[in-house]
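Nothing in this text is a laboratory measurement; each read-out follows from the coordinates by a stated rule. Model, not experiment: these values are computed from the prediction. Neighbour counts run over all protein chains shown; Cβ positions are idealised from the backbone, glycine included.
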């Protein structure tokens with residue numbers, strides 16, 4: 001039961017992050033397509049490439065900023081194995 005819940009939660013989290021990322025890409029690249037400054041295929045490739053690079057290389061920094069500057073008082077020490 002709990003495994004099904006975790007899998008469903010992971011799938012929904014992925015879909016939510018995918019939709020947020022595609023909305024951001026549309027906002028950034030839509031003006032270039034609307035003004036016909038670049039062909040659609042170039043914008044799709046550039047959007048996919050830079051969305052991936054941003055998430056791959058910058059996600060740790062974003063998480064670090066959340067922990068150190070936004071969410072004050074969060075315990076960042078590793079949990080001990082004392083039970």
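Using only the C-alpha atoms of segment 19-64, find the volume of their convex hull and express it per residue in Å³. Don't skip to the end; give the middle numbers.
Details: hull volume 3.2 nm³, N = 46.
That works out to 70 Å³ per residue.
Subtracting the Cα-Cα distance from 0.36 nm times the residue separation, let me have the gained length for residue 38 to residue 51 in nm, one decimal. All intermediate terms of the calculation are to be shown ahead of the outcome.
Numbers: separation 13, 0.36 × 13 = 4.68 nm, distance 1.79 nm.
Taking 0.36 nm per residue and subtracting the Cα distance, the gain is 2.9 nm.
Take the Cα of residue 63, go 7 Å toward its beta carbon, and none of the backbone nitrogen atoms of segment 1-44 fall under 13 Å from that spot. Entry for segment 1-43 at q = 0.16, 0.30 Å⁻¹: log10 I(q)/I(0) = -0.55, -0.93, Debye formula applied to identical alpha-carbon scatterers, no solvent contribution.
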